[in-house]
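K.L.:
Questions regarding the structure given below will be posed in turn.
Every number in this text was worked out from the coordinates using simple rules, so none of it is lab data. Remember, predicted model here, so these are calculated numbers, not experimental data. With ideal geometry, Cβ positions are generated from the backbone for all residues, glycine too; neighbour counts draw on all protein chains shown.
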Amino acid sequence: MPKVSAKRQITLPVSQCVALGIEPGDEVESFVADRQITIVKKIKGAAKGILKRVQADSSMTDEASLQSALK
C-alpha cells in the first residue's frame, strides 16, 4: 500500500502504471472530485480541436465571461 511521503509524493504501483501505459518521465494530471483523487496520463494533442465548434460571443467582456463561468 503506497504511503504519502513527507514531500506529499506518492509512488504508483507498477501494475497500475502498466495498465495505463504510464512510463517513467511521463506527465500526469490529477483532479479532485467528490473527495477522491483521479490521476490521468497526459497525452500530447489529446485536446486538439476540442473547442473548434465553440462560438465566441464578442459582446461579452472577459470579466462577464469569468463571472458566468464561476456561477
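K.L.:
Could you list, in sequence order, all residues of segment 1-35 that are outside any loop (DSSP other than H, G, I, E, B) and either in contact with a strand residue (DSSP E or B) (Cβ under 6 Å, 6 or more places away or on another chain) or of a type in the set (K, R) (or both)? Spell out how you get there, then give the answer.
P.N.:
We begin by selecting, within segment 1-35, every residue outside any loop (DSSP other than H, G, I, E, B); these are 14-20, 28-33.
Within segment 1-35, L20, V28, E29, S30, F31 qualify.
K.L.:
Restricting attention to segment 1-31, and to residues there that are surrounded by 10 or more Cβ atoms within 10 Å (Cβ to Cβ) and among the aliphatic types (A, V, I, L, M), which single residue is farthest from K42 (Cα to Cα)?
P.N.:
Restricting to residues being surrounded by 10 or more Cβ atoms within 10 Å (Cβ to Cβ) and among the aliphatic types (A, V, I, L, M), the top hit is I10.
K.L.:
In this structure, does R35 turn out to be at positive phi and exposed (fewer than 10 other Cβ atoms within 10 Å of the Cβ)?
P.N.:
yes
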